[in-house]
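One structure is given below, encoded as structure tokens.
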Amino acid sequence: MTAEIIDGRKIGLDIREELKSRIEKLRESGQPPGLAVVLVGHNQASKTYVSMKQKACTELGIYSELIELPEETTEAALLEVVNALNENDRIHGILVQLPLPDQISEAAVIEAIKPEKDVDGFHPVNIGRMQTGGEAFYPCTPYGIIKMLEHKGINIAGKHAVIVGRSNIVGKPMGQLLLNKHATVTICHSRTENLAYHTKQADIVIAAVGIRHLITADHIKDGAIVIDVGMNRDDAGKLCGDVDFEGCKDKASAITPVPGGVGPMTITMLLANTTESAERARMK
Ligand code: GUN
């Protein structure tokens, strides 16, 4: 079997196209959606991600503000910045780029963001509502993966999804969102024994561990759908995923490439969440 390549750039662009008219309406009402991105320190990967997020905002007409703070910023100083953004009516989404320097508690910062402006979907209130129902923002990467599967007409209900990775940002919320869509969910992680035994059962494999080419053809069954969240570098410095794409593409029925798969969907869902937040604010 030769897998269909799931093009995250194309699906992301289609969703962004749909967002444009909603953003235009908000702009016409004098309340364009606004995103504040806070970057602390000089992590190069974070700088790259943040500039990609800002560029995407500009392209769609979302107002964006970048707040850059030095590496030695204290937790108290960062909390003050977050509090000011919580009260700023121009801002509907607050994103504090992770990781943060060691002197700052990520949990304290995430919990300081008003849940209704937490477009990352990391606040415990949003995580709780994702589980129990109610108005919430979902974390952008797993939310983007759900949209991607739906866009491809892939039926999730009743399928066995096996997630490799249990991070708060991807693995755990991915499990919850798939469960909400009626999948049977297994979450594997670094202590899982006999990983391949589990992944071979999967109709849908989601690799989100950050280990280059961990998932090979021997880890998947014929016709599996393979979603690669990994963002690793090979020995030549080239971007590569957690999945051995070349090895798996002749066994899977559908597969995402790296780059051009999950990455563009993550940014798209940030734009969607920010637009949604501005719409909710307008209703209040
Ligand atoms: N660092 C890596 N991914 C993310 C993300 O989705 N949001 C934030 N705030 N930080 C990140």
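A compact table of results
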read-out: Segments classed as strands (runs of 3 or more DSSP E), wholly inside the range 169-284, with at least 1 members that are of a type in the set (Lys, Arg) and surrounded by 15 or more Cβ atoms within 10 Å (Cβ to Cβ); value: none
read-out: Cross-chain or 6+ apart pairs with Cβ under 8 Å, the range 245-267 first and under 12 Å from ALA217 (Cα atoms) and at pLDDT 95 or above, then within 16 Å of the ligand (Cβ to nearest atom) and in a loop (DSSP other than H, G, I, E, B); value: PHE245/VAL258
read-out: Which numbered condition ILE145 misses (of (1) within 16 Å of the ligand (Cβ to nearest atom); (2) part of a loop (DSSP other than H, G, I, E, B); (3) not polar (S, T, N, Q)); value: (2)
read-out: Residues satisfying the stated conditions in the range 34-43, i.e. within 13 Å of the ligand (Cβ to nearest atom) and either surrounded by fewer than 18 Cβ atoms within 10 Å (Cβ to Cβ) or part of a helix (DSSP H, G or I) (or both); value: GLY41, ASN43
read-out: Boolean, ILE127 is within 13 Å of the ligand (Cβ to nearest atom) and hydrophobic (A, V, I, L, M, F, W, C); value: no
read-out: Any hit, the range 185-202, residues being within 23 Å of ARG9 (Cβ to Cβ) and either among the hydrophobic types (A, V, I, L, M, F, W, C) or more than 19 Å from the chain's Cα centre (by Cα) (or both); value: no
read-out: Residue under evaluation GLY134, criteria (1) exposed (fewer than 13 other Cβ atoms within 10 Å of the Cβ); (2) over 24 Å from PRO33 (Cβ atoms); (3) more than 15 Å from the ligand (Cβ to nearest atom), criterion not met; value: (2)
read-out: For LYS147: the one exception among (1) touching a residue at least 60 places away in the same chain (Cβ under 8 Å); (2) under 20 Å from LEU98 (Cα atoms); value: (2)
read-out: Single match in ILE127, ILE163, ILE156 (criterion: closer than 18 Å to ASN273 by Cα and touching a residue at least 12 places away in the same chain (Cβ under 8 Å)); value: ILE127
read-out: Yes/no for GLU111 being in contact (Cβ under 8 Å) with a residue 12 or more places away in the chain, in contact with a His (Cβ under 7 Å, 6 or more places away or on another chain) and in a helix (DSSP H, G or I); value: yes
read-out: Scope the range 50-101; condition more than 16 Å from the ligand (Cβ to nearest atom), in a loop (DSSP other than H, G, I, E, B) and out of contact with any Pro (no Cβ under 9 Å at 6 or more places or on another chain); matching residues; value: PRO70, THR74, GLU87, ASN88, ASP89
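The values are calculated or read from the model by the stated rules, or taken from the named source; none is laboratory data. Only a predicted model underlies this, so the values are computations on that prediction, with no experimental measurement involved. Don't worry about glycine lacking a Cβ; one is built from the backbone with ideal geometry, like all the others, and counts go over all protein chains shown.
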